[in-house]
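A.B. asks: One structure, as C-alpha cells, below. Some questions next.
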Amino acid sequence: MASDDTSGKGIHIGSVQGAFAIGDHNTVTHHGANVQGAGATVDPAHEELLRAVRALREDLGRAVETPEVRALTAELAGTEEEITGTGAAAPGRLARLREVLTDASAVVGLLSSGAAVVQSVAALLGG
C-alpha cells in the first residue's frame, strides 16, 4: 500500500506481523498470538492432549447419549477451547476432565481415544 502524506513524502507499508501503531499517542498491546492469529503456542504435552481430546469427541459422536456422555462432551469442548486459546489447560480444567472421564468410564473404557485422553490427563496432573 503506498500513498503520499501531506508533506509529499511517500509512505509504504509492506508485510506486517505482530502489533504496531501508526500516529501520535498510540499504544499497542500484543498478547503473543502466533503468526496470522492462529492461536496460542501449545507445548507438546498439551498438543498431545488436544489431539486425543479431538479424537475422543469424534468417537463420542457415535456413542449412545447419556448424561455422563453429555457432561464429558461438554468438558472436552471446553478443554479444546482452552488449549487452543491459551496454549494449555489449567489444572482445574484437567481435574474436572479427569472427574468426568471417571464418571463416563463405561464408554471411555471402550474407546482407544478415551484411553489416550486418560493417559494425557494423568501425565499432565502427575499421576
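Read the figures in this text as sums done on the coordinates, not as results from a lab. Values in this document were obtained by computation on a predicted structure and should not be read as measured data. Here the Cβ is made from the backbone with ideal geometry for all residues, glycine too, and neighbour counts use every protein chain on show.
A.B. asks: Can you pull out the trypsin sites (Lys or Arg not before Pro) in segment 60-127 that DSSP calls coil and that have at most 11 other Cβ atoms within 10 Å?
C.D. replies: Listed in order of number, the matching sites are R62.
A.B. asks: Taking neighbour counts of Cβ atoms within 10 Å as a proxy for exposure, in what order, fewest first, do L56, L50 appear?
C.D. replies: L50, L56
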